[in-house]
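The values are calculated or read from the model by the stated rules, or taken from the named source; none is laboratory data. Model, not experiment: these values are computed from the prediction. Neighbour counts are summed over all protein chains in view; Cβ atoms, including those assigned to glycine, are modelled from backbone coordinates with ideal geometry.
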Amino acid sequence: MTTKSRYEQLKAEIHAHNYRYHVLDAPLISDAEFDRLLNELKRIEAEHPDWVTPDSPTQRAGAKPADRFEKVRHPAPILSLANAFGAEDARAWFERIRKIDDRVEKAKFVVEPKIDGLSVVLHYRDGVFVQGATRGDGEVGEDITSNLRTVRAIPLRIPVEANARITVPEYLVVRGEAFLPIKEFEELNRKLEEAGEKTYLNPRNTAAGSLRQLDPALTASRPITLLVYQIVHAEGGTVPASQWEILQYLKSLGFPVTDIARRFDSLEEAIAYAETWDKRRDDLPYEADGMVIKIDDLTLAAELGFVGKDPRGAIAFKFPAREVTTTLKEIGVAVGRTGVLTPYAVLEPVEIGGVIVERATLHNFDYIAEKDIRVGDRVLVKRAGEVIPYVIGPVVEARTGKEKPYKPPQTCPACGQPVEHFEGEVAWYCVNAACPAQLIRNVEHFVSRGAMDIVGMGIKIVEKLIEAGKVKDVADLYTLTREDILEAVTKKDRKTEKQPPGKIADNLLASIEASKSRPLARLIAALGIRGVGEVSAADLASHFGNLDALSKASAEDLQQIEGIGPNIAEGIVDWFGREANRKVLAKLKKAGVWSRGGKSKVEGRSSDALAGLTFVITGTLPAWSRDEAKAFIESHGGKVTDSVSKKTSYLVLGENPGSKLEKAKALGVKIIGEEELRKMAG
């Protein structure tokens, strides 16, 4: 049974949240949580109507205006709307008003977006904008005329275009919703972040805060716009009597009006249209938390009257909430397949859009620092469509002093090895080649075509081998037995397999053995050293000639190679300095996987005939594979790159070339064949 004390507590809580939302523009809870509190209050009042007092939140439309602005009394109440959470609620609303007036049976309905912004009231006398105010408590608002004048979407004189057929009332008051478009909001935050300033949590609070600044210059710097949808009051003229015609009329006067409003002959059609926008709301350029279903006949709508301060002639068809507040219990760290450490939030479970959310992404460690997100914070969480929920930021006003600042981990949570973070980069890395969290990805990369090219070693077999404990690092591939592979092949899904397990195992063992003779550049690329791709691996192989020499190189030595900067150089030194990685190298060497280049730059090379020249290879060459041609060029001092540019000296052309040929012709790059390349090298 509900107690009177609970009722009084609810009223006090809702009053407090109304004040924070409408006056301070700093809400502590989400719209969904506020709706739950208000619905509980309405339920109690329905059970105990004798408890209802004039100060109940259900008897008013908003909160008191702030004291820092002049007060403006509205010519008519600026009301809020009752909510419908789904089609059944909307039908129940229809049944209630149908019982009051059976004309509702034949009524038409207009559906408009419910923009999540700040309601504003605009006054025009003789077609000139003279005053603008916030909604305030619905009866009295705040005079923000100077700020609204900076909003370019607001016409300072109407009609905007001269039209003798349009009659403008001598005194016209219209209502609209001011907001920040999503793209403009994101761009604003990006600029603030670059300038080292505090960013905003969401478009609604940003728009509200910007319009309620004492300095209009600050408002002018914000890309605020608005959409107008209601005539509050008119004198000295005639205005349309239907909502649909009102929208067309406002548009003809020069006011910005939504382009997705539609009129329907039945409630079911209106509901169906509103429901389509739940799935398409990400297509809207602004934040919307629902659609509004209105009776088109404004006379009928007015005669239906009110429930408290909610007009019966319209209902807010709310979308499932996608932004809520909850408590951040702790910050965990996940290790990706590439070794990147990604923080995530462990949350007090909360429902967002019908889904219980307990975890959300925190993007990266810089994001946590920039937003000053602390363990124990009340945080705002968003989930858009099927996108992974993410933490927008903390509700700073809700802090108690017990929240703890967060520091990124110094060691990998999966393997305990020290992590790397280079200045100027966002990501933190675990570079342990045997890290269990990234082992599958490391092995998958090691066996790939651009690395050791172990044909037949697909991801499913890799997963089964790791799952069985047969592969704990990439070097274990070279100790696999036929029985190990047969077991993995048998366990994986073989519905589409065309070969018997024995044949697959034999072929795979042969491919593993063949990979031992891959060029040094391939082996270096296969190790997965951060920042070392095929081109830089080839440069390293050419320069050092073997892994022993490369493993002993200093960062200064490495930076002598073109294309190797300080961060990559430090990454290479660090990789070879890790004990776990040295153990993998020792196992590879013992297994006979220890390729050597031709003669390195350190030891001397075949010749310097191609020194200073840069080559790109395209198509199939007559006698050489792509790798053999590359090795030949590098052994004579030349450099091979993947893309054609103005710096390219020659394009080596084979059969069936790709787009590189056309680009080379366009840039005037010299084109040669395999035979000409041999002659150039002597």
Worksheet item: Looking at Glu562, Glu534, Glu579, which is the one that is surrounded by 14 or more Cβ atoms within 10 Å (Cβ to Cβ), over 26 Å from Ile485 (Cα atoms) and out of contact with any Leu (no Cβ under 9 Å at 6 or more places or on another chain)?
Response: Glu534
Worksheet entry | Any hit, segment 375-393, residues being touching a residue at least 40 places away in the same chain (Cβ under 8 Å) and of a type in the set (Phe, Trp, Tyr) | no
Worksheet item: Residues Glu186, Glu170: which one is out of contact with any Gly (no Cβ under 9 Å at 6 or more places or on another chain) and among the acidic types (Asp, Glu)?
Response: Glu186
Fill in: When residues of segment 317-341 are limited to those that are buried (at least 21 other Cβ atoms within 10 Å of the Cβ) and of a type in the set (Gly, Ala, Ser), the one nearest to Lys402 (Cα to Cα)
Ala321
Discussion item. Tally up the residues in segment 607-637 that are among the β-branched types (Val, Ile, Thr) and at pLDDT below 85, please.
Written reply: 1
Worksheet item: Given the residues Gly450, Gly424, which is the only one that is modelled with pLDDT under 90, more than 30 Å from Glu628 (Cα to Cα), of a type outside the set (Ser, Thr, Tyr) and assigned to a loop (DSSP other than H, G, I, E, B)?
Response: Gly424
Worksheet item: Given Glu235, Glu245, which one is without any contact (Cβ under 8 Å) to a residue 12 or more places away in the chain, surrounded by fewer than 18 Cβ atoms within 10 Å (Cβ to Cβ) and in contact with an Asp or Glu (Cβ under 9 Å, 6 or more places away or on another chain)?
Response: Glu245
Item to complete: Scan segment 462-477 and report the pairs whose first residue is at negative phi and whose second residue is part of a helix (DSSP H, G or I) and aromatic (Phe, Trp, Tyr), with Cβ atoms within less than 8 Å and a gap of 6+ or a chain change.
Response: Val474/Phe446; Leu477/Phe446
Worksheet item: Between residues in segment 619-639 that are over 15 Å from Tyr650 (Cα atoms) and residues that are of a type outside the set (Phe, Trp, Tyr) and surrounded by fewer than 16 Cβ atoms within 10 Å (Cβ to Cβ), which pairs lie under 7 Å by C-beta distance while being six or more apart or on different chains?
Response: Thr620/Glu655; Thr620/Asn656; Ser635/Ser606
Discussion item. Tally up the residues in segment 144-181 that are farther than 15 Å from Val120 by Cβ, surrounded by 14 or more Cβ atoms within 10 Å (Cβ to Cβ) and at pLDDT 90 or above, please.
Written reply: 3
Worksheet item: Hey, any hits in segment 499-515 for a residue that's crowded, with 17+ Cβ neighbours inside 10 Å, outside any loop (DSSP other than H, G, I, E, B) and touching a strand residue (DSSP E or B) at 6+ places or on another chain (Cβ under 9 Å)?
Response: no
Worksheet item: Inside segment 314-343, can you point out the residues that are hydrophobic (A, V, I, L, M, F, W, C) and in a strand (DSSP E or B)?
Response: Ala314, Ile315, Ala316, Phe317, Val324, Leu328, Ile331, Val333, Ala334, Val335, Val340, Leu341
Discussion item. Looking at segment 395-409, can you tell me whether even one residue there is at pLDDT below 90, of a type in the set (Gly, Ala, Ser) and over 26 Å from the mean Cα position of the chain (by Cα)?
Written reply: no
Practice prompt. State whether one or more residues within segment 365-373 are in a loop (DSSP other than H, G, I, E, B) and more than 16 Å from the chain's Cα centre (by Cα).
Written response: yes
Discussion item. Yes or no: segment 439-447 includes at least one residue that is under 16 Å from Gly332 (Cα atoms) and not assigned by TED's automatic domain parsing to the domain that holds Leu362.
Written reply: no
Item to complete: Can you give me the number of residues within segment 276-310 that are at negative phi, of a type outside the set (A, V, I, L, M, F, W, C) and touching a helix residue (DSSP H, G or I) at 6+ places or on another chain (Cβ under 7 Å)?
Response: 7
Discussion item. From the list Ala302, Ala288, Ala345, Ala360, exactly one residue is surrounded by 16 or more Cβ atoms within 10 Å (Cβ to Cβ) and assigned by TED's automatic domain parsing to the domain that holds Asp89. Which is it?
Written reply: Ala288
